[in-house]
Structures are given as structure tokens and as C-alpha cells.
1. Mind checking which of L65, L167, M29 is farthest towards the positive end of the chain's charge dipole, using Cβ charges of +1 (Lys, Arg) and -1 (Asp, Glu) about the Cα centre?
2. When only C-alpha pairs under 8 Å and at least 6 residues apart count, what is the relative contact order of the chain, in percent?
3. Out of the total accessible area of the chain (probe 1.4 Å, heavy atoms of protein only), what percent is carbon and sulfur?
4. Considering only protein heavy atoms, with the full assembly of protein chains and a 1.4 angstrom probe, order F169, F100 by accessible area, largest first.
5. Could you state how much accessible area D113 has, in square angstrom rounded to the nearest 10, with a 1.4 Å probe and all protein chains kept in place?
6. Could you state the accessible area per residue of the range 28-124 in Å², with a 1.4 Å probe and every protein chain left in place?
7. From zero outward in steps of 10 Å, how is the percent of C-alpha pairs of the chain spread across the bins?
8. In debye, nearest 20, what is the charge dipole magnitude of the range 40-163 about its Cα centre with +1 on Lys and Arg Cβ and -1 on Asp and Glu Cβ, if you could check?
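The values are calculated or read from the model by the stated rules, or taken from the named source; none is laboratory data. Note that the coordinates shown come from a computational prediction; the quantities given were computed from them, not determined experimentally. Note that each Cβ is placed from the backbone with ideal geometry, even for glycine, and that neighbours are counted across all protein chains shown. Just the protein is used for accessible areas: all its heavy atoms, side chains included, with ligands, DNA and RNA removed. Shrake-Rupley method; radii C 1.70, N 1.55, O 1.52, S 1.80 Å.
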Amino acid sequence: MGGDVTPGPGRGSPVLARNPVPTRFRETMSRFATGVTVLTTGGERVHGMTANAFTSVSLEPPLVLCCVSRAAVMHEAITATGSFGVSVLGARQQDLAKYFAGRSRPLGAAQFDPVEWVPGPRTGAPLLTGALAWLECELVDGHQGGDHSIFVGSVLASTVGAGHDALVFFGGAFGQTDQGQGVARLDRGGT
């Protein structure tokens with residue numbers, strides 16, 4: 001199957017266009033809910049960046065991947081340090097996600113002055129206090145993927161925090177899961 005698809009009889013049937021323009025592709029991908037992380041690097045290239053292009057790759061050996069624009073400061077930081085930290089954000093950490101996504105924060109170590117963090121014991125990468133989970137990774141592979149690089153990291157250490165409700169990104173806005181009700185639901189408030 002390729003090319004355009006003829007719509008079916010039901011509501012919400014697909015009509016696919018060939019070679020979508022970037023704005024249409026972005027809109028399409030906004031319908032895929034993701035978790036929200038802050039990637040960090042330590043040492044002389046200390047930096048932080050909000051990312052939702054993050055996932056597990058393998059359990060044995062434990063591998064994860066993150067996708068970073070080749071134009072981003074984080075791209076050079078990961079390449080130079082050969083390692084990165086990951087803080088998986090909780091539902092109440094939307095301000096951290098916005099802060100590390102913004103371009104107005106200072107570069108270098110000063111960007112971590114207004115946030116609570118601890119250095120990762122294996123990489124020195126800042127790990128944000130109050131996150132749902134943390135990982136420290138060694139860069140083991142990189143692949144070009146259009147205007148991004150796909151960085152594969154071998155997990156050196158990981159741990160889980162105390163929270164249960166996740167910060168999510170959907171439809172171009174932040175939301176949260178609500179595990180307290182026994183089911184995950186998107187709460188679009190506070191965007």
C-alpha cells in the first residue's frame with residue numbers, strides 16, 4: 001500500500017496525503033501522546049534540554065534513545081561528553097519542562113541555578129529533584145535522522161522516584177496522567 005488512501009465509510013477514516021509538509025507532519029505527530037523528559041549533560045559542557053523524543057530500545061542490554069536536533073546546543077554537548085542524564089518529569093513539573101524548552105535561560109552551569117538538582121554519580125549530569133525517574137547513559141551510537149541525530153545510550157544507572165502522575169505532551173500542550181483514579185487520563189489544564 002502506498003500513496004493516498006481513499007476514505008472509508010466511517011467517521012475518522014484516514015485520508016493520507018503524499019509527502020506531508022512540515023506543518024502537517026507536526027500536526028499529525030501531535031496526536032501521539034508522549035512523556036516529557038529533561039536531558040542533561042555534565043562536566044565542561046553542562047546543559048539541559050526538554051525532550052519528548054525519548055524511549056527505551058532494549059532490556060538486555062539496557063538501551064535508550066533520544067532524538068536531538070543537530071542545530072541544538074544539546075547535540076554538541078552529548079557528542080562532546082559521550083554521556084547524558086535523563087529526568088522523567090512528573091505531572092507537577094510543567095514549569096521545569098517549559099524552562100528547559102525556552103531559549104531565554106542562560107547557557108552553561110548558570111541555567112541550573114534556579115532549579116533543584118543533584119549530580120549523577122556516574123556521569124555528573126544534573127538530575128532534577130522530584131522527577132518520576134532518572135537514568136544516566138553512556139553514548140554508544142549515533143545515527144543521522146533528517147535534521148536530528150538519534151543518540152543511543154547504554155544505561156549505566158537508573159532509579160524510580162516517589163511520584164505516580166506523569167507529565168505528558170499531546171496536541172501541542174502539556175497535560176498529566178491521573179493514576180490516583182486507577183486509570184490514566186489526560187488533564188489538559190494548566191497549559
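1. M29
2. For the chain, the relative contact order is 22 percent.
3. Roughly 55 percent, rounded to a whole number.
4. Reading off the accessible areas and sorting them downward yields F169, F100.
5. Accessible area of D113: about 120 Å².
6. Values: 5140 Å² over 97 residues.
Result: 53 Å² per residue.
7. 9, 33, 34, 18, 6, 1
8. 300 debye
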